[in-house]
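Report on the following structure.
Readers should treat all values here as calculations from the given coordinates under stated rules, not as data from a laboratory. Since this is a predicted model, take the numbers as computed values, not measurements. Neighbour counts run over all protein chains shown; Cβ positions are idealised from the backbone, glycine included.
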Amino acid sequence: MRKVLVVDDEAGIRESLRILLSDICEVVTAADVPTGLEMLEREDPDLVLLDLVMPLQNGLDFLGSMVDRQCTTPVIVVSATTTVSLAVEAMKRGAKDFLTKPFEPEALRPKVMHYLEHRALESEVKRLRTAAERRTRLGDLIGRSELMQEVFCSIERLAKSRASVLITGESGTGKELVARAIHERSPRAKGPFIALNCAAIPENLIESELFGHERGAFTDARDRHIGKFEAATGGTLFLDEIGELAPSVQAKLLRALQEKCIERVGSTESIHVEVRILAATNRDLEAEIVAGRFRSDLYYRIHVLPIPLPPLRERREDIRLIAEYLLEKGRQEEGVGPLSLSRGALAALERYTWPGNVRELANAIEHGRSLANGEVLSAEDLPESVISASRLEQLRDEVCSGSLSFDSAVSDFERNLLKEALDRNRWNQTQTSEQLGLTRRLLKIKMDRYGLSLEGMSSD
């Protein structure tokens with residue numbers, strides 16, 4: 001059992017919390033701050049429920065002492081105070097959540113269970129991270145960076161549990177790959193893996209996609225349709241972009257998760273479903289809750305331990321690995337000879353910021369493969385957006401390091417811009433000048449200044 005420390009000067013509250021939580025955790029109590037700090041040290045609890053207003057020393061003093069001791073145990077403040085400034089100060093000092101007395105049991109229990117699950121899984125991830133050998137691949141996920149090693153450990157731990165998982169990250173980071181990796185390592189691996197992109201289905205059809213419908217349930221419902229929940233029974237249902245669901249659908253999804261039963265649209269028959277839910281979003285769901293666009297009770301159902309996927313720009317050491325993996329994968333699929341990255345191509349890939357993340361990198365490699373001549377993919381084979389941005393980054397780095405003057409950087413940029421425009425227009429000066437918004441005379445002056453001529457194109 002996990003352990004919860006209750007620090008409250010009211011004996012009735014301490015006893016009420018002990019009874020309320022006794023079936024899900026061990027509860028230890030303290031009547032004042034000094035005793036609470038002593039028990040924090042001795043009992044090593046997984047969660048603290050803390051009153052703010054107490055004699056002699058208050059809850060803020062307790063939180064301050066936790067900071068001084070570098071204690072990371074999560075704290076939920078449970079207090080009768082309604083002073084906003086006190087609540088804000090408590091959150092600033094490290095409290096994770098706040099509940100006002102009197103509180104309803106159904107408001108407290110889910111929060112306690114959430115933080116206890118989070119703490120347990122967090123501890124296991126740390127253990128796995130220390131014990132496991134570093135690797136570069138898990139399923140179709142690639143990376144040797146510290147950030148991806150944490151993701152790999154989370155996947156291994158969560159695959160064995162039945163808990164719902166929320167995968168967060170920017171578009172293109174590989175959230176579905178994480179979901180598949182969890183499914184393939186879970187006891188449900190022999191069952192189906194069903195994926196549904198919630199953002200791609202119109203609002204008036206999403207309920208039917210999730211739960212199915214009976215013949216005649218609505219216009220054009222000519223046959224019975226089996227929804228994703230039924231199709232995924234015994235396996236895993238992956239709900240991508242869950243933050244896009246309408247509030248009415250969120251309520252029905254919550255009921256399905258709680259009751260493990262669904263009803264097809266147009267039917268009153270309850271159908272039992274045994275499905276593990278993996279969800280993903282690129283939205284900040286906590287902000288969506290504050291804005292009233294996402295249900296907090298559904299959030300706690302799907303959010304046991306989030307797996308945050310880092311954007312590619314934060315793990316540049318993985319770019320080469322991913323690019324080489326994609327090249328080899330393409331070679332095997334097409335049955336062609338090996339293709340390697342030139343030094344210039346690799347430098348361009350590693351300098352680019354990849355707003356579209358791994359998905360954009362895959363498109364760039366595919367683009368380069370289609371243009372590459374021979375056995376080497378050069379920088380010139382990459383998309384123009386990657387090449388141009390890479391040159392800008394290189395110039396910026398050289399200026400910042402002092403190896404290139406600002407005027408020289410501007411000249412290099414202007415020369416490259418002119419040459420690229422001339423190349424696009426097959427060195428037609430009239431078309432190039434019109435495209436760049438220059439007079440033909442000014443274009444010719446600049447070409448002469450930078451030594452740009454059709455005869456020198458091949459040697460440039």
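Here are the numbers for the structure shown:
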quantity: Sum of -39500 (n - 2.57) over DSSP H runs of 4+, divided by residues of the chain (222 nm, nearest 500); calculated: -15000 deg cm²/dmol
quantity: Whole-Hz couplings from phi, Karplus 6.51/-1.76/1.60, listed for segment 414-423; x for Gly and Pro; calculated: 5, 4, 5, 5, 5, 5, 5, 5, 5, 4
quantity: Given charges at beta-carbon only (K, R positive; D, E negative), |dipole| of segment 314-449 in Debye; calculated: 600
quantity: Cα-Cα pairs of the chain separated by more than 39 Å (percent); calculated: 44
quantity: Value of relative contact order over segment 292-426, rounded to a whole percent, pairs C-alpha under 8 Å and six or more apart; calculated: 20
quantity: Segment 132-308, relative contact order [Cα under 8 Å, separation at least 6], %; calculated: 28
quantity: At R0 = 45 Å, FRET efficiency that the Cβ-Cβ distance of residue 26 and residue 91 yields, to 0.05; calculated: 0.95
quantity: Inter-label distance, nm, simple model (7 Å from Cα along the C-beta direction), residue 423/residue 53; calculated: 7.2
quantity: Modelled FRET efficiency - R0 25 Å, residue 41 with residue 123, Cβ distances, 0.05 increments; calculated: 0.90
quantity: Contour minus Cα-Cα distance for residue 223 and residue 400 (0.36 nm per residue); calculated: 57.1 nm
quantity: Cβ charges +1 (Lys, Arg) and -1 (Asp, Glu), total dipole of the chain, debye; calculated: 760
quantity: Average Cα contact separation per residue, the chain, under 8 Å, 6 or more apart, as relative contact order %; calculated: 11
